[in-house]
Amino acid sequence: MKYVALVYYQEQLINAMSEPEWHALNQECIAGVERLTEQGYFIAGQALQSVDHATNVRVRNGEVLVSDGPFAETKEQLAGFYLLDARDLNEALRLASRIPPARFGTIEVRPVRELPPKDQTGDAS
Amino acid sequence: MQVQASIESLYHRYAPRVRATLIRHLGDFDSAEDALHDAFAAAVNHWPEHGVPDDPLAWLIRVGHRRGIDQIRRRQTARRHAHLLITEEDDEPEPQPIADDPLRLLFTCCHPVLAMPDRLALTLREMAGLTTEQVANALLQKTASLAQRIVRAKRRIRDAGVPYETPDEAELPKRLPDVLGVIYLIFNEGYSRSDGDSVVDVHLADEAIDLAQSLARLLPHGEAFGLLALMLLHDARRAARQDAQGDLVPLEEQQRHLWDKAQIETGMHWLEQALALTPIAPYTLQASIAAVHAKAVDAESTDWRRIERLYEALYRCQPSPVIALNRAVAVAMSDTPDAGLALLDALSSHKQVVTYHLYHAALADLHRRAGHLTDARHAYHNALALCTQGPERRFLARRLAELDQTR
């Protein structure tokens with residue numbers, strides 16, 4: 001089964017970190033991904049730039065609307081994601097608990113949803 | 001490529017034993033699970049080049065143990081609890097797989113500090129090897145809730161300091177019933193759910209039988225054999241218990257040629273083993289009762305007198321009103337419905353009994369056999385009001401309708 005682990009934390013906690021602390025956290029994340037890969041769990045994943053760099057796109061009435069956001073009211077911000085191949089939800093939770101920001105943020109684990117098969121569009125005649 | 005495929009098959013063969021041993025060495029489920037996967041990852045790297053070791057199980061446990069210790073150290077350093085660092089590896093004895101490890105795991109999953117639903121969930125996932133999703137599906141629970149239950153149960157085991165061990169001779173009589181009770185509950189969950197109302201990809205009855213088979217192999221105890229025999233004999237009637245519409249068929253109306261003869265024979269074999277060790281014990285006695293039914297060529301030739309005596313012995317082991325209820329039914333069948341009704345009447349002061357739908361169902365059936373149609377109708381209505389399971393409800397409603405036709 002595939003699961004996505006979404007990493008959320010308060011960016012202000014990160015901003016308050018010293019340079020060596022930030023460096024150590026990054027190295028820990030790199031080692032964590034290495035281990036997940038070695039163990040065959042890691043499919044894909046990426047850390048994200050801070051929400052200051054986020055841009056939203058919406059289409060309303062055929063019009064493309066672009067805006068900044070999300071805004072700082074939200075308590076924790078999305079900081080990265082992992083796509084994991086785990087045996088079951090409990091295994092995915094165990095792996096997610098190893099993601100370093102789990103110690104000060106929240107890792108949301110969601111099973112992936114497979115889309116239904118594509119409609120047949122061949123000639124009906 | 002070939003080594004790759006053989007690692008895959010070795011994983012299926014050895015993972016449960018490596019896991020059970022690593023739990024003993026590393027002290028908790030999650031560290032063991034992590035270490036297990038590190039060990040297999042190391043095997044994928046190492047074996048294609050250096051060949052599969054002579055004793056893959058010992059190799060995996062050794063590597064898993066070393067990796068597990070490394071991880072625990074790293075975490076402790078990260079938490080700056082250097083004073084908690086475990087002792088140097090040199091002092092540690094070489095980790096060894098012990099044949100008992102799966103048994104320790106089973107006793108831990110069924111430990112009395114856990115609530116019954118936790119024991120069920122943990123046993124199915126950790127011992128039977130089902131996924132969280134399969135367990136949730138089989139127990140008709142939400143996956144996310146069940147996952148939380150499993151996480152909390154493991155924490156409870158750690159916090160309560162449940163020792164990872166098989167009870168010794170002195171404690172076994174007290175602890176074995178816990179394990180047998182969990183397995184039997186899993187079986188009954190499966191038995192009552194095989195109703196075609198819900199699509200379940202796992203048959204809990206099969207899982208329970210598999211668990212009892214491993215238990216019987218690891219712990220040659222009469223009641224373990226008795227439970228296995230009981231479940232095999234009951235489950236042998238699976239195909240006859242429902243008609244084509246998925247409706248419940250009572251024992252006396254079952255097409256006995258649909259019973260699984262080979263499975264009955266296996267059940268009888270285990271019952272013999274059980275009788276040699278624990279003839280007068282709850283599961284062995286229940287298996288003996290199931291065996292009387294299995295031996296009868298048709299409902300009429302059932303030795304009800306023997307069943308009645310077995311229920312009497314069972315009642316002396318476990319004086320529960322439910323067993324008294326079954327005994328009353330046996331008396332009704334071997335003697336007269338009125339004799340059974342007199343015994344049922346004596347049970348009506350038990351609150352546990354009068355809220356139990358099968359009490360009213362039994363009452364209804366005996367009144368029906370005795371020709372007391374008004375009392376029978378009344379009891380069927382009471383049974384229906386208390387019964388929640390689809391197939392049983394349909395069966396009771398059908399009986400009630402039959403009575404109304406004979407009016």
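Quick notes
- For chain B, the relative contact order comes to 9 percent (Cα pairs under 8 Å, sequence separation of at least 6).
- Sequence of B:I23, B:I7 once ranked by neighbouring C-beta atoms within 10 Å, starting from the fewest: B:I7, B:I23
- Note, ³J(HN,Hα) from phi for segment B:325-336, Karplus 6.51, -1.76, 1.60, rounded to Hz, x at Gly and Pro: 4, 5, 5, 4, 5, 4, 5, 4, 6, 8, 10, 9
- For A:D85, B:D298, the sequence from fewest to most other C-beta atoms within 10 Å is B:D298, A:D85.
- Label-point separation, B:N188 to B:H203 (7 Å along Cα→Cβ), nm: 2.1
- Where a label projected 7 Å from the Cα of B:R306 along Cα→Cβ would reach, residues of segment B:272-299 with amide N under 17 Å: B:272-276, B:279-281, B:284-299
- Residues in segment B:218-231 carry Karplus couplings, in order, of 7, 9, x, 10, x, 5, 5, 5, x, 5, 4, 4, 4, 5 Hz; the curve used is 6.51 cos²θ - 1.76 cosθ + 1.60 with θ = phi - 60°, and Gly or Pro positions show x.
- Partners for B:K154 among aspartates and glutamates (Cα-Cα distance below 19 Å; same-chain residues under 8 apart left out): A:D88, A:E91, B:D28, B:D30, B:E33, B:D34, B:D101, B:D118, B:E126, B:E133, B:E165, B:D178
- Charging the Cβ of each Asp and Glu at -1 and of each Lys and Arg at +1, and nothing else, the dipole of segment A:2-111 about its Cα centre rounds to 380 debye.
- Highest-MSF residue in chain B out of B:P53, B:P112, B:P337 [GNM, Cα springs under 10 Å]: B:P53
- Gained length - B:E8 relative to B:T388, 0.36 nm times residue gap less alpha-carbon distance: 132.3 nm
- Relative contact order [Cα under 8 Å, 6+ residues apart], segment B:134-264, whole percent: 20
- Chain B shape via C-alpha gyration tensor axes, a/c threshold 1.5: prolate
- Distant-in-sequence amide H partners of A:A79 (H built 1.01 Å from N, under 5 Å): A:V7, A:Y8, A:Y9
- Among A:L83, A:L115, A:L95, the largest mean-square fluctuation in a Gaussian network model of chain A, built with springs joining Cα atoms closer than 10 Å, belongs to A:L115.
- Global form of segment B:200-300, assessed from the alpha-carbon gyration tensor, a/c cut-off 1.5: oblate
- Tensor-based shape of segment A:2-111 (alpha-carbon gyration tensor, a/c under 1.5 rounded, otherwise prolate or oblate): oblate
- Assigned charges on the beta-carbon of Lys, Arg, Asp, Glu; the protein assembly as shown dipole about Cα centre (debye): 1220
- Of B:K142, B:K154, B:K174, the one that fluctuates the most in a GNM where chain B has Cα springs shorter than 10 Å: B:K174
- Between the listed residues B:H12, A:A54, B:Q255, the Cα displaced farthest toward the positive end of the dipole of the protein assembly as shown, a dipole computed from Cβ unit charges relative to the Cα centre, is found at B:Q255.
- Relative contact order for segment A:2-111, counting Cα pairs under 8 Å that sit 6 or more residues apart, in percent: 50
- Inter-site label distance for A:V57 and B:V297 at 7 Å from Cα along Cβ, in nm: 8.0
- Around B:F225: net Lys/Arg minus Asp/Glu count, Cβ-Cβ under 11 Å: -1
- Helix-only arithmetic for chain B: the sum of -39500 (n - 2.57) across DSSP H runs with n ≥ 4, divided by the residue total, places the mean residue ellipticity at 222 nm at -22500 deg cm²/dmol.
- Annotation for segment B:35-74 versus segment A:42-83: alpha-carbon center distance of 41 Å.
Each value in this text was obtained by applying a stated rule to the coordinates, not by laboratory testing. In this text the structure is predicted, and so the values were computed from the model without any measurement. Cβ: placed from backbone, ideal geometry, glycine included. Neighbour counts: every protein chain shown.
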